[in-house]
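To start, the structure under review is shown below, and the notes come after it.
The values are calculated or read from the model by the stated rules, or taken from the named source; none is laboratory data. All of these numbers come straight from a predicted model, not from anything done at the bench. Ideal geometry is used to build each Cβ from the backbone, glycine not excepted, and the neighbour counts take in all protein chains shown.
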Amino acid sequence: QYLAEYGLEVLISIARFWAQRATWSQVKKQYVILGVTGPNEYENNVNNNWYTNTICKWCLDYAGEVIDQLKSSHPAALKDVFARTDFREEQERKVWSEISANLYFPYDAELNLYLQQEGYLDKEQILASELDPAIRPLNQHWSWDRILRSCFIKQADLLQGIYLFEERYDDDFIRRHFEFYESRTVHESSLSPCVHVVLAARIGDMRKAYELYLRTSRLDLDDYNNEVHEGLHITSMAGTWMAVVEGFGGKRVQDGKLHLFPQIPQQWEEYSFRILFRGSDLLVRVTRNGVILKVMNAPVNLVLYGQELTLQPGTLAEYPLQFRKPAVTANTD
C-alpha cells in the first residue's frame with residue numbers, strides 16, 4: 001500500500017536520476033558512472049565506485065520489480081502514478097534494464113576481488129597496521145592531497161555495499177573482500193567499526209569482531225580520533241547496538257523472516273537484547289552454554305541457526321550455542 005501511494009513515485013524519480021547519471025563507454029562497451037564520491041570520505045571524484053554502481057543497479061532493478069508487483073495488487077494506483085510522473089513504461093524500463101545488465105564493476109582477476117573504484121590498485125598498497133600511531137588520525141596530520149592519493153579507507157565503502165546486500169554473497173566472497181579492505185581501513189569515522197563487526201562475525205572471525213566492537217563502543221570514551229571535545233558520536237552509540245545485535249547476535253530480516261545466529265566473544269560470559277518484530281516482543285539471552293529465547297507477548301516465527309521455529313507467548317526455550325566456522329582463503333595482501 002505504501003509503495004502504491006507514495007514509494008513508487010519516489011523510486012521512479014531516483015531510477016530516472018540513475019538512468020541519466022550512467023554513461024555508455026565506447027572503450028569498455030559498458031555503462032560507467034563517473035565523478036562520484038562513495039562512502040569512503042578519504043576519496044572524492046572517482047570513477048566506477050563499486051558501492052555507487054551497486055546501489056544504481058539495485059535501484060533500477062527494484063523500481064521495475066515494484067511496478068510488476070503493483071500491476072496485480074494495485075493497478076488503479078499504479079495508473080495514477082504513471083500519469084503523475086508521465087511515465088513511459090516500455091521506453092524507460094528498457095533503458096533501466098539495459099543499464100543494469102551492462103553496468104561496469106572494476107575487477108582484478110589476479111586478486112579475485114572487486115575494486116573499491118577504478119584505479120584503486122594504482123595507489124601504493126600499504127596496510128593500516130603499518131602506519132605510525134603518532135600520525136593518526138590521518139586527517140589531523142596529513143594534507144588532503146596526501147590522503148586522497150593514499151590507499152587508506154576512512155570507513156566501510158565496498159564493504160558497506162556487501163553489508164547492505166549480504167544475502168547475495170557467499171562466505172568466501174565476503175571473507176576475501178573483508179580481509180583485503182579492512183586491512184586498509186583506518187576506521188577514522190564513527191560510521192566504520194560497526195559495519196566491520198557485523199561482517200567479521202558473519203565470516204566467523206570473532207577475534208576481529210570483538211576488537212572492532214571495542215572500537216565502536218569506546219570511540220568517545222577512549223577518544224580514538226582525538227575529537228571528543230567536539231561532541232559525542234550518536235553514530236557510534238547506534239553502532240554499538242548494531243555490533244551486539246547484528247554482529248554477535250546475527251540478527252537479520254530476510255524474505256520477511258527474522259533470522260538469528262548468536263555467537264559470543266570469548267571475553268564475555270553472556271549478553272542479552274530484545275527485539276520487537278512485527279508485534280512480537282522477543283528476549284534473546286546468549287551465554288557460553290546456550291541461547292535462551294523468551295517470547296513476551298505474541299507468537300513469533302524465526303529462523304535460529306538455519307532452523308525455522310514458531311514460539312508461542314510465554315515460551316522459554318533454550319538451544320545449544322553454535323559458532324560460524326572460519327574458512328581459510330588465500331592471502332590477498
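Of everything in the range 122-141 that is surrounded by fewer than 16 Cβ atoms within 10 Å (Cβ to Cβ) and within 25 Å of the chain's Cα centre (by Cα), the residue that is farthest from Ser25 (Cα to Cα) is Ser129. Filtering Arg252, Arg288 for residues that are surrounded by 12 or more Cβ atoms within 10 Å (Cβ to Cβ), charged (D, E, K, R) and at pLDDT 95 or above leaves a single hit, Arg252.
Go through (1) surrounded by fewer than 19 Cβ atoms within 10 Å (Cβ to Cβ); (2) without any contact (Cβ under 8 Å) to a residue 24 or more places away in the chain; (3) under 20 Å from the mean Cα position of the chain (by Cα) and name the single condition Asp61 misses. With (1) surrounded by fewer than 19 Cβ atoms within 10 Å (Cβ to Cβ); (2) without any contact (Cβ under 8 Å) to a residue 24 or more places away in the chain; (3) under 20 Å from the mean Cα position of the chain (by Cα) applied to Asp61, the lone miss is (2). Which residue is surrounded by the most Cβ atoms within 10 Å (Cβ to Cβ), if the candidates are limited to the range 32-46 and must be touching a Phe, Trp or Tyr at 6+ places or on another chain (Cβ under 7 Å) and part of a loop (DSSP other than H, G, I, E, B)? Only one residue fits best here, namely Gly38.
Taking the numbered list (1) in a strand (DSSP E or B); (2) touching an Asp or Glu at 6+ places or on another chain (Cβ under 8 Å) in turn, Val284 passes all entries but (2). Scanning the range 207-258 for residues that are within 19 Å of Val197 (Cα to Cα), of a type in the set (Val, Ile, Thr) and in a helix (DSSP H, G or I) turns up Thr216, Ile234, Thr235, Thr240, Val244, Val245. Filtering the range 133-145 to residues that are part of a helix (DSSP H, G or I) and without any contact (Cβ under 8 Å) to a residue 12 or more places away in the chain leaves Pro133, Ala134, Ile135, Trp144, Asp145.
Scanning the range 1-23 for residues that are within 24 Å of the chain's Cα centre (by Cα) and either over 12 Å from Cys59 (Cα atoms) or outside the structural domain of Ile33 (by TED's automatic domain parsing) (or both) yields Leu3, Gly7, Arg21, Ala22. Number of residues in the range 121-147 that are of a type outside the set (Lys, Arg) and touching a helix residue (DSSP H, G or I) at 6+ places or on another chain (Cβ under 9 Å) equals 7.
Of the residues making up the range 8-31, at least one is crowded, with 18+ Cβ neighbours inside 10 Å, in contact (Cβ under 8 Å) with a residue 40 or more places away in the chain, assigned to a loop (DSSP other than H, G, I, E, B) and among the small types (Gly, Ala, Ser). Screening Lys94 with (1) within 24 Å of the chain's Cα centre (by Cα); (2) over 30 Å from Ser192 (Cβ atoms) gives one miss only, at (1). Kindly establish whether Arg93 is surrounded by 17 or more Cβ atoms within 10 Å (Cβ to Cβ), in the same structural domain as Tyr6 (by TED's automatic domain parsing) and charged (D, E, K, R). So Arg93 passes the test.
For (1) over 12 Å from the mean Cα position of the chain (by Cα); (2) assigned by TED's automatic domain parsing to the domain that holds Asn53; (3) among the polar types (S, T, N, Q); (4) outside any helix (DSSP H, G or I), each residue gets a yes or a no:
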{"site": "Ile147", "(1), (2), (3), (4)": "yes, no, no, no"}
{"site": "Gln155", "(1), (2), (3), (4)": "no, no, yes, yes"}
{"site": "Tyr163", "(1), (2), (3), (4)": "no, no, no, no"}
{"site": "Glu179", "(1), (2), (3), (4)": "yes, no, no, no"}
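For Leu212, indicate whether it is on the phi < 0 side of the Ramachandran plot, surrounded by fewer than 21 Cβ atoms within 10 Å (Cβ to Cβ), modelled with pLDDT of 95 or more and not aromatic (Phe, Trp, Tyr). Considered against the rule, which asks whether it is on the phi < 0 side of the Ramachandran plot, surrounded by fewer than 21 Cβ atoms within 10 Å (Cβ to Cβ), modelled with pLDDT of 95 or more and not aromatic (Phe, Trp, Tyr), Leu212 comes out as no.
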